[in-house]
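Heads up: the structure comes next, in structure tokens.
Bear in mind these aren't lab numbers, they're just calculated from the coordinates by the rules spelled out. Because the structure is a prediction, the values reported are computed rather than measured. All Cβ positions, even for glycine, are placed from backbone atoms using ideal geometry, and neighbour counts span all protein chains on display.
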Amino acid sequence: MPRAAAAALVVFAILYVIVIASPPDEFGGGDWRTTNTGSAFDDPSAFLTTVLDGMTFAGLLFIVASGFSLIFGLMRVVNMAHGAFYLLGGYIAYEVQQRMTGSGFGLQPGEVNTWEWIVPWLVAMVCIGVFGLAVQQLLLRWNQGQDLRQALITIAVSVIVADQVIAHFPRTVPAGTQQFGGNAVTISWPGWTNRLVDLHVGGISYSLSRLAMLALGIAVGLVLWLWLHRTKTGLVIRAGVDDRQMTSAIGINIQTTFAIAFLVGSALAAFGAVVGGSQASIAQGRDGEWLLFSLVVVIIGGMGSLAGAAVGSVLYGLVFAFAVAYLPTAGSDCCTQYSVVLTFALMALVLAFRPQGLFGKAT
Amino acid sequence: MTLDGAKVYTERAIGIGALVLAVLAPVLVSGFWLNSILTQALILGIGAASLIFLSAYGGMISLAQTGIMGIAGYALANMVTQRVPGGETKGLLLGWNPTVALVAAILLTVAIGLLFGAVASRSFGIYFLMLTLTYTVIAFLFVGSVTLIGGFSPVAGVDIYTPGFIGDIATDRNRLYYITLITSVFVYVLVRYLVRTPFGISLQGIRDEPVRMASLGYNVAVHRTLAFGIGAFIAALSGVLYAWWFGQLSPTTMGLDATIQLLVIAVIGGLRRIEGAWLGAIAFLFITNEITNRIPSSGLPVIGGTFNTVVGFIFLAIVIVSPDGLMGLWDKAWSAARRRGGPPQVEVESSDAAAVTS
């Protein structure tokens, strides 16, 4: 019965987006059908743009969440500090980019060349990868198997890291203004991405940097897949995911594999932060936000599964984008965002059918 | 008298002593201490009790309790505040009768808790922890982004509209203190009673052996959902008291920092025993108060940062040294004494060790 209701709800939501939604009235007012954009039937290009918004956001979600999922899948460690790593990585990349360009705070996108984006990106990834490795070796290596205790330890780490980051970053601030911890800063994309591309579909032009976000997400997915399925390390990691004890029993040093996985997983948080910080911003509070995003993606997709992280990212990205465009906005209540409720609805829906997530293995 | 008996009597004596001290507190300590430390500790203790109830007897470490406290507070705030000239402008300003609003807010919170619990009822261990953390973050983002019921700036003036039997707590802070004390005792007795009922016994069975309980015919999901509903009820009491104590609600009362704070309190006290809730709250607020007074406004010496860094290190130290918190240390001391005193007894280690160590 609840499943039938859930299915009916999904069908209704799809119908709503495709035919029922109507564009906002010029004179205000409106009813339950009024949304920010009209239905797909009325306004196909807005619909396509929304799909692209969702997919490009999913690319970014995947970069961050795949690192979270990789660590969890192999080591059963829920790295609650993933969001804090994201925050630290973003600020590191920002500082490096500021030092490289030397042009101070008001950086125009056109002033940044490709290297001035790639070097900060690499530095941030290496720093966070090494930092993550240190956390794992110092705090998580001696208590393997106690997953709740490890989660509590990473929570403690996240509290300390987030507080320290806010105390010390951003270091480069506009001339004449006071340094204020945790202020929002933006990393700049390379100048050439700062334009719109004509897609020749439905007459829409779309931001190249957002498309780059999707491309990077796909690239990370491909590289991770090749790494896990076509290399020896990947073979060992997959064996470790399936049966940790058996893998070490046949003489493989699983500790080295754990260390590599934690390094890569943490570095992916920084990767995501550089992309996310280029598209939006790095600021106080982003740590909690990205921890939530990672959690939701892996709860939906299933823990420790690459395909799950990809599907979870796409579902969540789309739901997020569609919620902004198609949730009713009738009445005086103009500025409300109900999209966060749909986050819960999406999780509830998936968990009602599969408590282990879409691609998770039953435990 | 056996050592186990001695432990029970010692604990009872300490408990009664603590209660007597708590009743006399308004004449013993300063107004600041009473209001800022003790009252807050009792309120957060009730919140932590809901967390420890779920973890000690249900095997569920829930990070949703802060979110549920916030939901209760926001529900109450939206229901009681009135649209008066020059008054509060945020929220729905329904202006209901405070008694009706109090009951309605608690019922609504329990209903939401049951929904949360139903969704999470088939998740265990670390999955449950993650899922419940998302509940709190979602609740936080919801009240922040739905301007209709609040938005990111606070909804104030909640403490003005209290039911008649609660009275004027905005100015008479001793009154508020006694109300939180009575509620704390009520929650403690409720939990101690519940875990002895058939429901409580089967809940503990499910904590230890969910699969076996399911094959014995117990409905595991329903038991866990109901337990979560009870946890939501206790958290709702705490949330309502918090709204009265603080007078206003902003989304940060249910933010990540607040969630971690409640978890730290529960972990300091010990996730296995309900008494740990209030012990942890007192210890935490005492430490907070002592440290905050010593930190210069420019941040911590040498490393920089705020109070949160200290909390993080304390939390880290506790999780590393004694994952069962202060109550765990106490229990450990008694079992060490028992080993020294008599012939070695078979340690009947109930598998609520699973709460933290598995």
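When the helices of chain B are scored as -39500 (n - 2.57) per DSSP H run of n ≥ 4 and the total is divided over every residue, the value at 222 nm lands at -22500 deg cm²/dmol. Test of understanding: extend the Cα→C-beta vector of B:Arg12 to 7 Å, then name every residue of the range B:166-187 with backbone N under 16 Å from that spot. Zone members listed by number: none at all. When B:Tyr161, B:Tyr193, A:Tyr94 are arranged by Cβ crowding within 10 Å, least crowded first, meaning fewest neighbours, the order is B:Tyr193, B:Tyr161, A:Tyr94. Across the alpha-carbon atoms of chain A, the computed radius of gyration and Dmax are 21.6, 73 angstrom.
Note on A:Val126 and B:Asp172: the model spin-label points, each 7 Å out from Cα along the C-beta direction, lie 6.8 nm apart. Dividing the Cα radius of gyration of the range B:3-357 by 2.2 N^0.38 Å, with N the residue count, gives 1.01. Mean partner shielding of peptide A:142-149, defined as the number of other chain Cβ atoms within 10 Å of each residue Cβ, is 5. For A:Ile204 and A:Leu226, a Förster radius of 41 Å and the Cβ-Cβ distance give a FRET efficiency of 0.80, rounded to the nearest 0.05. Less than 5 angstrom separates the built amide H of A:Ser207 from those of A:Val197, all sequence-distant by 5 or more or on a different chain.
A simple spin-label model places pseudo-atoms 7 Å from Cα toward Cβ; at A:Val10 and A:Val197 they are separated by 3.1 nm. What do you get for the angle between helix B:65-80 and the principal long axis of chain B? Use alpha-carbon atoms, 0 to 90 degrees, nearest ten. Helix B:65-80 sits at roughly 30 degrees to that axis. Does the range A:133-193 come out rounded, prolate or oblate, given a ≥ b ≥ c as the square roots of the eigenvalues of its C-alpha gyration tensor, rounded meaning a/c under 1.5 and, failing that, prolate meaning a/b above b/c? It comes out prolate by the Cα gyration axes.
Rounded, prolate or oblate: which fits the range B:111-245, taking a ≥ b ≥ c as square roots of the Cα gyration tensor eigenvalues, rounded meaning a/c under 1.5, else prolate when a/b beats b/c? It comes out oblate by the Cα gyration axes. In plain terms, the residue of A:Phe258, A:Phe180 with the fewest other Cβ atoms within 10 Å comes first and the most crowded comes last, giving A:Phe180, A:Phe258. Label positions at A:Ile218 and B:Leu148, each projected 7 Å from the Cα along the C-beta direction, are separated by 4.0 nm.
Centroid-to-centroid, using Cα positions, the range A:153-228 and the range A:5-19 are 33 Å apart.
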